[in-house]
Every structure is written in C-alpha cells, then in structure tokens.
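Working notes, beginning with the structure itself.
The values are calculated or read from the model by the stated rules, or taken from the named source; none is laboratory data. None of these values were measured; they are calculated from a predicted model. A quick note on method: Cβ atoms are made from the backbone with ideal geometry, for glycine too, and the neighbour counts reach across all protein chains shown. The protein model used for the area step is the full one, side chains on, heavy atoms only, and it has no ligands, DNA or RNA in it. Shrake-Rupley method; radii C 1.70, N 1.55, O 1.52, S 1.80 Å.
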Amino acid sequence: MLDVVLLASVDPTVRDVASLGLACDMAEGVEVRHDLVQTDQGQVVRCTVADLGGVVHREDVELDHGCLSCTVREGLVPTLRWIAAQQRWRQVLVTLPTTGAPDAVAHQVQQALDDGELDALRLAHVLTVVDQARLVHDLLGDDLLAERGLELSEQDVRAVGEALANQLDYCDTVLTLDDADPVALALLEHALVPGVDLVQGIGSLDVAAVFASRHQVERNQQRMAPTRRRARTRQERHGVWTVELHSPRAFHPGRLLEQIELLGIGEVRARGCFHLPSRPGVVCIWDGSGGQLSIGEAGLWQERTPFTRLVVSGIDEQVRDRIARAFHDVLLTEHEQRVSSRWAGRPDGLEPWLGEVELPWAG
C-alpha cells in the first residue's frame, strides 16, 4: 500500500526546507516534486521523482492550456501508477508547485482512486507549510504573486494572501518551520477553519502518523463551504481578533456596491456567505484576504433558510469597527426586508461578479 501526502506552500524556500525535512524522515519513501521551469521550448512543468538514493525519474510536461494546476493534476496520476508498479516504496511525498492549490490535486487523485485508475494507494494527508516570520504579511497584505515572481501563468492575478488562504483552508495540518511568533500563532488560531491542526516546527511533526492518517476529500471540501464558515475562536490575543457578523437579512445591492471597499478591503481574512433580494434563491460567496475580495455564486439555498454571515479576522481594531459598521449599513432594513420581493429578478449592478440575474430559482 502506497501512502500519499501532499505538501503545499506559497514560498519556494519554505517548501524546499520542509520537503527535505520530511523526506529524511520517510522510512521507505519517495518524493514527487513539481516545478515550473523555463526551457527553450517555453514553460514546462518538471516532475522529478527522487528518493534518498537520488533521482529515479524526471519528465517535462508542457503546460495544459497554460494551466499549471491542470497539468499537475493530469500528470500526477500516471506518475503515481508508475511508482506503484516499481514496488520499491511505501510512502510518497507529492511536493506541489509553489502557490499551487492542493484541493484540486487531492480531488483528482481521489477521483482516480474511485474510478479504479490507481490500485493499492491511499491519500493520507495534506500539509501546508508556512513561514511564521512572513505569515501576517503574506495572509493579510496586498502583494500579488506576480510581484514576487510566483505567478503560475500570465493569467495568474492572485494575491499571495488568496493563494495562502486556499492552502490553509483545505489542508489537514498547517506546519510552521520553527516556533511561530506570538502574533503569527494567534493569527493562525483565528484564521484556520475548525478541524485543521497546527504544528509548530518540523521537528515536532510526527511524520509516521501523518502517513498513517487518512485524508477525506469530501469532508475537507464541505468545511470550506461558505455556508459553514464559523469562527474558530473569538478570544483576542496579541491584538488579533475575529468577529462573526450574522443576520437573517439580505444585503442591499446598491449599498453593497457603495460600501464594498469599507466592508471588504483591509488587512483582514474574511469568508462567509450572503444573499440578495434580487437573487433570492442563490447562495453568494464572500472570500477576501488582504487587498483582494472575491464574491461569486455557490449554488442554491434549496430548503435552507437564507442568511448572511461573515467571519472576519484581523489585527487592526479600527478596521474591525469599520467593517462591523459597514455590515449593518449594507443589510436591508426591516421595512426593506418585508418588501424585498420587489427586487426579485431585477438587475442589481452585481452582474460582473455574479452573472445575469435569472428567475425562477428552485426553492
């Protein structure tokens, strides 16, 4: 049986230090490493398979339509099948490209297992490793990946915080290189979703236990659902705070557009859901980190009663107070809520992010 662990990071040096530390503690292991490399033929994904004896396999794969994540996902399954056929190893550490999204790769591996494309293999764990010295700036700052030369393609306009937030939300364990400083540790305790473990220092990680665990793709995806976002803790420590803003009322589309920067921009990590009177059946996503905010649709409310809930963590009390005021200002008033059906199906100005307003919705 091959036990597979995925390793993700937004920092190439941190990723390399962590992968080396884990590889040295793997009793019968091999590493599958993915790097974006510039060659004479253009950018390729270089997949290197190596154990403590050295490199045993290397392959360059052209980017699939410029999408690194797709290329990694589609190339990993054949590589894992090849490793299994060698019958030389029992543990596989899959080191993802810097800033890569582990949820997409984990889903692809699990799909291959479900379809019978992979035999005698188990997806054990997803690890995200962070630099505790840069964590606060990485998660709450407004640096773009392109400003650090970490973009995965010319179309990759993500912020560092957006990439890191995805890795933190989906993983089973967050690992710091060393003991985290108090502010970074407090931020992790506030920002991590319930169910994610935190280990300080590579030396504190039980590598054998990590490979012996069992990753559950569906469970981890479900806890990332916008309607399930809840505060992990509200206990303020070292200036780090979390507020959980909740209401059964919808956001007013016009006031949301007017105050979206007051509500969504700043040194914060914010996630949750909201609903709109113009789209009464639609679950809307709220996901922000640092200087970037993403809103979109996440299916229908179905039999659930719509609600609005944002969970926001940050380090500036003035930002916290500003966001709380803006949240209550953007909500429909009690009178507006009573007559909210008049908005249903009407253009709301949010079409660039949420698409055209359509009716009817399934209730």
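Tabulated results
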| item | result |
| --- | --- |
| Peptide ranges 322-333, 131-142 listed from the most packed, as the mean C-beta count within 10 angstrom indicates | 131-142, 322-333 |
| Global geometry of the chain, whether rounded, prolate or oblate, following the gyration tensor of its Cα atoms and the 1.5 cut on a/c | prolate |
| Farthest toward positive dipole pole in segment 117-170 [+1 Lys/Arg, -1 Asp/Glu at C-beta], among V157, L127, L145 | L127 |
| Computed lengthening from A209 to A85, 0.36 nm per intervening residue step minus Cα-Cα distance | 42.2 nm |
| Computed [θ] at 222 nm, deg cm²/dmol, the chain (DSSP H ≥ 4; -39,500 (n - 2.57); rounded to nearest 500) | -9500 deg cm²/dmol |
| Euclidean distance between Cα centres, segment 234-276 to segment 142-174, Å | 21 |
| Charge dipole (segment 225-342, unit charges on Cβ, about Cα centre) - positive-most of G314, G254, S341 | S341 |
| Relative packing of 255-263, 50-58, which averages over residues the other C-beta atoms within 10 Å, highest first | 255-263, 50-58 |
| Dimensionless Rg ratio for segment 244-292, taking C-alpha atoms and the 2.2 N^0.38 Å reference | 1.15 |
| Difference of contour (0.36 nm per residue) and Cα-Cα distance, D142 to V17 | 42.5 nm |
| Inter-label distance, nm, simple model (7 Å from Cα along the C-beta direction), V55/D114 | 3.6 |
| Inter-probe distance in nm under a simple model that places probes 7 Å from Cα toward Cβ, at Q318 and A298 | 3.1 |
| Net charge dipole size for segment 124-179 [Lys, Arg +1 and Asp, Glu -1 on Cβ; Debye, nearest 20] | 60 |
| Accessible surface of the chain, 1.4 Å probe, proportion on carbon and sulfur as whole % | 47 |
| Computed magnitude of the charge dipole of the chain (debye, nearest 20; Cβ of K, R +1, Cβ of D, E -1) | 1300 |
| Surface accessible to a 1.4 Å probe, per residue, for the residues of the chain, Å² | 45 |
| Zone residues, segment 261-301, relative to R325, backbone N less than 20 Å from point 7 Å out along Cα-to-Cβ | 261-269 |
